[in-house]
Amino acid sequence: MKIVTIIGARPQIIKAAALSRAIRNNFKKEIKEIIIHTGQHYDENMSQVFFDELGIPEPNYNLNIGSGLHGKQTAGMISGIEEILLKEKPDYIVLYGDTNSTLAGAVAASKIHIPIVHIEAGLRSFNKSMPEEINRIMADHASTLLFSPTKTGLQNLIKEGFNPDNKAPFTADHPGIFHCGDVMYDNSLYFSEIADNKSTIMEDISLNGNSFFLGTVHRDNNTDKPKRLNALFEAFDEITRSAEIPLVLPLHPRTAKLLQKNLRPELYEKINKNSLIQLIKPVSFLDMIKLEKNCRMIFTDSGGVQKESYFFKKPAIILRPETEWKEIVQQGCGIIADADKENIINAYTYFSKESEKLQFPPIFGNGKAAEFILTTMLENR
């Protein structure tokens with residue numbers, strides 16, 4: 001079986017490691033994987049380091065698309081992916097998540113009738129102003145095999161008209177939907193010990209375990225809107241000063257670019273003078289795992305980091321008005337605070353008192369999602 005895997009953004013590169021590793025360890029004779037990197041993330045710290053560190057095979061193709069307006073970026077990807085699919089003639093195209101690379105792969109493959117496998121199917125924020133929400137819905141409705149990491153995701157698909165009783169052979173008109181667990185949980189289990197042995201991030205920035213907060217801000221809804229960005233950093237400044245605990249913020253390139261432009265001058269100066277706010281460059285996946293495992297609390301607008309906070313049993317303050325990972329909130333392990341200073345501070349205060357009482361049951365599978373996905377693909381070839 002020949003599959004073409006589409007990656008482009010940092011989270012997809014990490015997720016792809018789980019399938020590539022499972023192919024290498026368990027399906028080497030049955031499956032050939034061709035990797036297309038769209039180049040959606042072109043910063044070396046956001047992309048190349050992950051191939052090197054996670055042992056992912058080098059891409060067979062790189063479209064080098066880079067950033068740009070959604071339409072221009074997606075159109076370039078569709079054209080490049082279509083050309084390669086016509087040449088390679090795979091049995092499946094494998095898509096991850098909800099980026100423009102995901103959407104481009106879905107459009108290109110569906111037009112030339114190549115079956116689509118969508119990993120992380122069924123996730124819904126129910127906010128169609130998010131580009132990611134549109135991307136994931138459209139990818140789902142073009143797919144032949146849909147693999148949801150959660151039971152909630154599976155129920156979302158059923159509510160949208162997918163039939164859970166469909167039997168093989170599956171097609172785009174007769175798709176198969178599956179609850180399989182999360183490939184990122186596979187990865188977190190696998191790379192956790194490696195991170196302990198290889199990552200030196202704690203020593204590099206002089207941190208001790210459980211003595212710091214961790215934060216990420218990257219969504220354009222936060223970075224590109226001055227009012228929201230100012231609210232976030234006002235909260236960060238107040239919390240670190242009152243707690244006298246440092247906050248480590250690996251800065252996404254977009255955030256780093258817009259910080260001085262969109263923060264009020266007096267707040268920007270205040271942040272720079274606050275020695276408890278450590279603004280650092282993007283970190284590798286192993287470094288991020290090390291930080292997540294050793295921090296006290298996480299502030300994030302990233303869906304992936306929300307999950308990893310849960311994997312490593314850390315409370316998460318969600319800097320968005322909604323989340324597609326609703327189970328984390330339902331378990332009481334995450335609080336949706338949005339970009340609201342008062343909400344963020346209240347969530348921090350609550351977790352400061354209650355974090356030791358939190359329970360983290362295994363809702364993201366058994367760490368073998370990749371093997372389930374590949375076995376199902378082979379059975380439906």
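Quick rundown of the values:
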read-out	value
Ser211 being among the hydroxyl-bearing types (Ser, Thr, Tyr) and closer than 20 Å to Phe312 by Cα	yes
Those residues of segment 129-149 which are in a loop (DSSP other than H, G, I, E, B) and at pLDDT below 95, in sequence order	Ser129, Met130
Phe351 vs. criteria touching a residue at least 60 places away in the same chain (Cβ under 8 Å) and either among the aromatic types (Phe, Trp, Tyr) or in a loop (DSSP other than H, G, I, E, B) (or both)	no
Leading residue by the ranking (nearest to the chain's Cα centre (by Cα)) among those in segment 202-215 that are assigned to a loop (DSSP other than H, G, I, E, B) and buried (at least 16 other Cβ atoms within 10 Å of the Cβ)	Phe212
Pairs where the first residue, in segment 168-189, is closer than 16 Å to Tyr92 by Cα and touching a residue at least 40 places away in the same chain (Cβ under 8 Å) and the second is of a type in the set (Gly, Ala, Ser) and assigned to a helix (DSSP H, G or I), C-beta under 9 Å, 6+ apart	Ala172/Ser110
Selection status of Arg241, assigned by TED's automatic domain parsing to the domain that holds Ile277 and either among the hydrophobic types (A, V, I, L, M, F, W, C) or under 24 Å from the mean Cα position of the chain (by Cα) (or both)	no
Lone unmet requirement of (1) surrounded by fewer than 19 Cβ atoms within 10 Å (Cβ to Cβ); (2) modelled with pLDDT under 95; (3) part of a helix (DSSP H, G or I) for Asn366	(3)
Any hit, segment 319-339, residues being farther than 21 Å from Thr152 by Cβ, part of a helix (DSSP H, G or I) and not assigned by TED's automatic domain parsing to the domain that holds Pro115	no
Residue match in segment 347-355 (condition: acidic (Asp, Glu) and either surrounded by 19 or more Cβ atoms within 10 Å (Cβ to Cβ) or on the phi > 0 side of the Ramachandran plot (or both))	no
Segment 15-45, residues that are surrounded by fewer than 19 Cβ atoms within 10 Å (Cβ to Cβ) and modelled with pLDDT under 90	Tyr42, Asp43, Glu44, Asn45
Qualifying residue in segment 54-63 (condition: in a loop (DSSP other than H, G, I, E, B), at pLDDT 95 or above and of a type in the set (Asp, Glu))	no
Matching helices (runs of 4 or more DSSP H) fully within segment 265-311 where at least 2 residues are within 20 Å of the chain's Cα centre (by Cα) and buried (at least 18 other Cβ atoms within 10 Å of the Cβ)	285-294, 303-311
Flag for Ser110 being over 27 Å from Pro321 (Cα atoms), touching a His at 6+ places or on another chain (Cβ under 7 Å), outside any strand (DSSP E or B) and touching a residue at least 12 places away in the same chain (Cβ under 8 Å)	no
Test: residue in segment 149-170 that is within 19 Å of Gly304 (Cβ to Cβ), out of contact with any strand residue (DSSP E or B) (no Cβ under 9 Å at 6 or more places or on another chain) and polar (S, T, N, Q)	yes
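Residues checked against (1) within 30 Å of Val248 (Cα to Cα); (2) surrounded by 23 or more Cβ atoms within 10 Å (Cβ to Cβ):
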site: Leu154; (1), (2): no, no
site: Glu160; (1), (2): no, no
site: Ala172; (1), (2): no, no
site: Tyr185; (1), (2): yes, yes
site: Thr200; (1), (2): yes, no
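The values are calculated or read from the model by the stated rules, or taken from the named source; none is laboratory data. Just so you know, these numbers come straight off a predicted model, no measurement behind them. Positions of Cβ are generated from backbone atoms using ideal geometry, with glycine treated the same way; all protein chains shown enter the neighbour counts.
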